[in-house]
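Below is one structure, written out as structure tokens, with a few remarks after it.
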């Protein structure tokens, strides 16, 4: 078993990543739980934050309730095992966002969010499988994880409107995780986590895996908005056909090129994808600062020392262009940067906080 103290990322990516589960005992030397249960419950009460409450009133029975959760609801749950799950906690709690730093050997654009769960004794969400990679970090208490073989969409599911629960679950691994332990699960592996005792908190660092269908649909929708209505099929070289009911090979080739060619611009796809993958997950949240600082303010030094800190809810990525040029993507927006600005753009993507040389900023400030 590996520890993050001596974690060999190259070995992990070559031998483990998307291939098989891995248990890491004592992943941190001095693990400290970054969020109190009461604070998690408070987040679940907010209308702008996605949360779920899962109860298990009986064997093979699960009830799902979507948030926001009323504060008095927690006191009325009784003895029934239950689990609270809150999405994107890293967007709201800096100490939770800091967990992601340990996993940045995987490209940032692949990182989705940190979901945090709290469960009482016996609480869980049932046996299931996910279509993404996840690191499950035990924060408080103990949780028993049972892991089965890899599944696919042919797996038989229990009837439930909101939970994809496996009807046939045959675990092959069985571990109880203590605070600071971590379990990595690749996509598709069946698993079930059950709290052992009260006060169980788990941090799930999940990774994005766009489906082919979602990617094609979003890219096609983007291009449809930019197509000229006058760009239509033509056949100025049309010749008489032997059979008027036939769609000729030449016509099919021309039509196929019209459809596929519009989507084949790799440079346009790259620019679109950078904006697409960094777009905010939830438009209901407004992360604009109370005081706006312009590029001119930064360049003149009027804003004071240039100590920058990224908002953990904003996604940043960049694509290299020609020598000394990059395209920066932030919260779904696109910025062309070259020279000193390109260096700043890469620094923003690399570091959560840093001090910036005013001379670099004044040479070419980033657009705002």
Within segment 13-70, residues being more than 30 Å from residue 280 (Cα to Cα), without any contact (Cβ under 8 Å) to a residue 60 or more places away in the chain and not in a strand (DSSP E or B) number 5
Go through segment 80-195 and tell me which strands (runs of 3 or more DSSP E), entirely inside it, have 1 or more residues that are farther than 25 Å from residue 312 by Cα.
-> 82-86, 111-119, 143-150, 173-177, 189-195
In this structure, is residue 328 surrounded by fewer than 16 Cβ atoms within 10 Å (Cβ to Cβ) and at pLDDT 90 or above?
-> no
Could you tell me which residue of segment 332-353 is farthest from residue 111 (Cα to Cα), considering only residues that are in contact with a helix residue (DSSP H, G or I) (Cβ under 6 Å, 6 or more places away or on another chain) and touching a residue at least 40 places away in the same chain (Cβ under 8 Å)?
-> 334
Is there a residue being closer than 24 Å to residue 209 by Cβ, at pLDDT 80 or above and outside the structural domain of residue 88 (by TED's automatic domain parsing) anywhere in segment 281-296?
-> yes
Have a look at 232, 208 and point out the one that is surrounded by fewer than 10 Cβ atoms within 10 Å (Cβ to Cβ) and in contact with a helix residue (DSSP H, G or I) (Cβ under 9 Å, 6 or more places away or on another chain).
-> 232
Give segment 309-325 a look and list any residue that's assigned to a strand (DSSP E or B) and at pLDDT below 90, or say none.
-> 309
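The values are calculated or read from the model by the stated rules, or taken from the named source; none is laboratory data. None of these values were measured; they are calculated from a predicted model. Counting neighbours? That spans all protein chains shown, and the Cβs are built from the backbone with ideal geometry, glycine included.
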